[in-house]
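As structure tokens, the structure follows; a few thoughts come after it.
The values are calculated or read from the model by the stated rules, or taken from the named source; none is laboratory data. All values derive from a computational prediction rather than experimental measurement. Note that we place each Cβ from the backbone using ideal geometry, even for glycine, and neighbour counts take in every protein chain shown.
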2 protein chains.
Amino acid sequence: MPELRKDLFSDIWVVIAPERKLRPQFSNLSGEDFLSPENCPFCEGNESMTPPEIYAIRNNKPNQPEWQLRVVPNKFPALRIEGNLERRGEGFYDKITGIGAHEVVIETNSHTKGIDELENEAITNIFLTFKRRILDLKQDIRFRYIQVFKNHGIRAGATISHPHSQVVGMPVVPARIKERIKTAKAHYDAKERCIFCDIIFHESEHHKRVLFETSDYIVMSPYAPRFPFELAIYPRIHRASFEETGDDGVQKLALVFRDTLRKLNKALEQPAYNLMLHNAPFDNDYKNYFHWHWELVPLISGTGGFELGTYTYINPTPPEEAIDVLKKM
Amino acid sequence: MPELRKDLFSDIWVVIAPERKLRPQFSNLSGEDFLSPENCPFCEGNESMTPPEIYAIRNNKPNQPEWQLRVVPNKFPALRIEGNLERRGEGFYDKITGIGAHEVVIETNSHTKGIDELENEAITNIFLTFKRRILDLKQDIRFRYIQVFKNHGIRAGATISHPHSQVVGMPVVPARIKERIKTAKAHYDAKERCIFCDIIFHESEHHKRVLFETSDYIVMSPYAPRFPFELAIYPRIHRASFEETGDDGVQKLALVFRDTLRKLNKALEQPAYNLMLHNAPFDNDYKNYFHWHWELVPLISGTGGFELGTYTYINPTPPEEAIDVLKKM
């Protein structure tokens, strides 16, 4: 059974998940080729290689071929859905039973197509699926946060190449979200304004770090990006939670993401990347000062002991320069 | 000129360092082989390929062959030594001129020998050099912190394979150190005890996460390690700053590190690793509650969007299990 252990010095929780050692990249079956469709658990015809599906976009019965998208439990879950949530001390340390949901969104039946190569409807369905899975999982009162993310490419941490993303229901609010909430709340308490709305207004006015804008979204690089070509997608309308977005708004987001990814792929030659949703947790009411957004980080430079030891990042590409390059794509 | 930009939501500063793009791994000279001694700027005979040395262990004149260890400025510095330190606002963002020191410690004239393969005296000299460089750099009143670290292996972020470590003088206290100080101070204010001394006492008593102990040091895994086989080396004697350690204490540390690395190398087959010093900053008096220590993180598993998006880490190896494995080495 996995457990969550709290770092003594921060809000960081670590998932100690011994089962994860059995994953493809940790196994000794290095002869197995997860790049070939025959062995790929996410390809059509191999539905029996995954646990039974939770959700699918298809016109036939579950767990058989002919589908557009499937959501299945992660076979090697970091957190487990069964069991009681127990928060305990251990000496002067803190731990929680490793309760959570860990789902895989198999984005397409194509083994190789990137999100930006799919039809508009298929891309929209991926983002609509994120919304539906959040709406479903947040009914589980054991969860305080749901993390949606995508690792594209081995360098980004993907162990299976078939296009997929992941949804993790967590019994804690993650450190990075807590950190954002803390600053956003202080800003709101002082000014009665959302700090994210302020960022959008400021960047839209100065335009040095804005890749493009639509009537609903703005795609920009943060002022202090940790990584070269790091981007963020913000909705213009202030809403704390992504899942409050109407289906038409989700569709527009999907196309904004597609256009952003196309530019990145052109400028950086199909880089590995991480895509992450930052959303309001459910343990409290954040509607006044949290503002959902996506982070998109292409992985073209590495990190080392300096970053790990200090949480100070060295970024060789000023965001203004990255935006200049991407705008020409 | 590099600059430091503050993340709006945290204590994280990002070094925007366009000059770093010229580094070997970013250059297009992929034909150049930094693995071969002829092209290696850190090998004997190639002294002219580095900036003039700052410090060396040798019996002859500087910047020529026949030396045991050299310290040179980083040719592609993240921060620059020349210039005035200016702290400025930019709209509602914050920045500082990228002032700092960025030095490389060329640990040995051997192109391939790991630290654990060197003679005792040579290993000791590396750690004594860290102490001397800190004592020298902390006289520069522009600096608030000095980060000593080592990236071993390409996966750990090393761009040159010749054994070396780095020393960075910084005009800010890094987020990870600030975080530790905050908790340590709260603990001290409440209990009048050092939290690190408490950890040492607790772990030494329970012994589940202790690799080995000497009369002066303890090598252990943290309760919530972010990475498999993550280790920490603590001195038993409470001191805020590493550089206060006597030369004999530094020598003992060097041998403790050597023995730790040998075990890791045996258990994990010569892994890439990061070694990082956590030390007291100079902007305040931390003597009561900070306690210097080293972190040693072998890089055997990757991170992805979940870690990047949440600062929640998934570690498949419980620290108790890692210690069991290492103890048998």
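Summed over region A:57-108, the residues that are assigned to a strand (DSSP E or B), under 16 Å from residue A:132 (Cβ atoms) and either without any contact (Cβ under 8 Å) to a residue 40 or more places away in the chain or not β-branched (Val, Ile, Thr) (or both) give a count of 6.
One residue stands out in region B:2-16 among those that are within 7 Å of chain A (Cβ to nearest Cβ) and within 20 Å of the chain's Cα centre (by Cα): the one that is surrounded by the fewest Cβ atoms within 10 Å (Cβ to Cβ), namely B:12.
Residue check: is residue B:120 out of contact with any Pro (no Cβ under 9 Å at 6 or more places or on another chain) and surrounded by 20 or more Cβ atoms within 10 Å (Cβ to Cβ)? No, not satisfied. Where helices (runs of 4 or more DSSP H) sit wholly within region B:119-211, those with at least 2 residues that are within 10 Å of chain A (Cβ to nearest Cβ) and either out of contact with any strand residue (DSSP E or B) (no Cβ under 6 Å at 6 or more places or on another chain) or without any contact (Cβ under 8 Å) to a residue 24 or more places away in the chain (or both) occupy B:175-191, B:195-206.
Pairing residues of region A:226-240 that are surrounded by fewer than 19 Cβ atoms within 10 Å (Cβ to Cβ) with residues that are of a type in the set (A, V, I, L, M, F, W, C), at Cβ distances under 6 Å and at least 6 apart in sequence or on separate chains, gives A:238/A:194; A:238/A:197.
Of everything listed in (1) in contact (Cβ under 8 Å) with a residue 24 or more places away in the chain; (2) crowded, with 17+ Cβ neighbours inside 10 Å, the single unmet condition for residue B:214 is (2). Contact map, region A:246-260: residues that are over 16 Å from residue A:116 (Cα atoms) and assigned by TED's automatic domain parsing to the domain that holds residue A:275 paired with residues that are at pLDDT 95 or above and in a helix (DSSP H, G or I), Cβ distance under 7 Å, separation 6+ or inter-chain. Pairs shown: A:247/A:128.
Scan region A:140-157 for residues that are buried (at least 23 other Cβ atoms within 10 Å of the Cβ) and among the aliphatic types (A, V, I, L, M) and the total you get is 2. In a residue-by-residue description of region A:195-204, the property of being acidic (Asp, Glu) and surrounded by 14 or more Cβ atoms within 10 Å (Cβ to Cβ) applies to at least one position.
For region A:261-278, the count of residues that are crowded, with 17+ Cβ neighbours inside 10 Å and either touching a Cys at 6+ places or on another chain (Cβ under 9 Å) or free of Cβ contacts under 8 Å to residues at least 24 places away in the same chain (or both) is zero. Tell me, yes or no, whether region A:147-160 has at least one residue that is at pLDDT 95 or above and β-branched (Val, Ile, Thr). Yes; the residues of region A:147-160 include at least one that is at pLDDT 95 or above and β-branched (Val, Ile, Thr).
Of all residues in region A:158-184, exactly one satisfies the criterion of being surrounded by fewer than 19 Cβ atoms within 10 Å (Cβ to Cβ) and in contact with a Cys (Cβ under 8 Å, 6 or more places away or on another chain), namely A:161. Within region B:287-314, which residues are modelled with pLDDT of 95 or more and over 20 Å from the mean Cα position of the chain (by Cα)? Scanning region B:287-314 gives B:287, B:288, B:289.
Among residues that are touching a residue at least 12 places away in the same chain (Cβ under 8 Å) and touching a Gly at 6+ places or on another chain (Cβ under 9 Å), residue A:319 is not included. Evaluation of residue B:129 against the conditions (1) at pLDDT 95 or above; (2) of a type outside the set (Phe, Trp, Tyr); (3) under 26 Å from residue B:289 (Cβ atoms) shows that the sole unmet condition is (3).
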